[in-house]
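Below: one structure, written as structure tokens.
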Amino acid sequence: MHEPVLTVVGNVGRVPRQRVLANGTVVADFRLASTPRRFDKASGSWHDGETTWFGVTCWRALAEHCAQSLTKGDRVVVTGRLTSRKWVTDQGEERSSLESE
């Protein structure tokens, strides 16, 4: 299967949440913030772009490792399958998110 693979450098947005599924599989998830920086030659200074947020889901041994070692603000490199998820809020608003597994 041809799935898009994504590599993102960013900062952990919240402490990873770990849970164990009914079949015993360990899963952890966290939010990842990636903010591009650009150098403005005219002003001679760096400027931050708009932050993009990603949901990250880790499985099994990687999930255990992430839950034990990552904290909010840590700089990480994440590589995984890119997925898009859409849903409707209780107020009827359509939302979408990008996630990496």
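Miscellaneous remarks
- On Cα atoms only, tilt of 60-69 relative to the major axis of the chain in degrees: 50
- Per-residue accessible area (protein heavy atoms, 1.4 Å probe) orders D48, D29 as D48, D29, starting from the largest.
- Under the Debye formula (equal points on every Cα, no solvent term), log10 I(q)/I(0) of segment 26-97 at q = 0.13, 0.23, 0.26 Å⁻¹: -0.58, -1.08, -1.19
- q = 0.18, 0.28 Å⁻¹, segment 1-64: log10 I(q)/I(0) [Debye, one scatterer per Cα]: -0.78, -1.12
- Over the chain, DSSP H runs of length four or greater, each weighted -39,500 (n - 2.57), average out per residue to a 222 nm ellipticity of -3000 deg cm²/dmol.
- Averaged over its residues, the chain has an accessible area of 72 Å² per residue, based on protein heavy atoms and a 1.4 Å probe.
- For the chain, the Cβ-based charge dipole about the Cα centre amounts to some 220 debye (Lys, Arg positive; Asp, Glu negative; other atoms uncharged).
- List E99, E93, E50, ordered by accessible area with a 1.4 Å probe, largest first: E50, E93, E99
- Carbon/sulfur fraction of accessible area - segment 56-99, other protein chains in place, 1.4 Å, %: 48
The values are calculated or read from the model by the stated rules, or taken from the named source; none is laboratory data. Remember, it's a predicted structure, so these values are computed and weren't measured experimentally. Cβ sites come from the backbone with ideal geometry, for glycine too, and all protein chains shown count toward neighbours. Just so you know, the surface numbers come from the protein's heavy atoms only, side chains and all, with ligands and any DNA or RNA stripped out. Shrake-Rupley method; radii C 1.70, N 1.55, O 1.52, S 1.80 Å.
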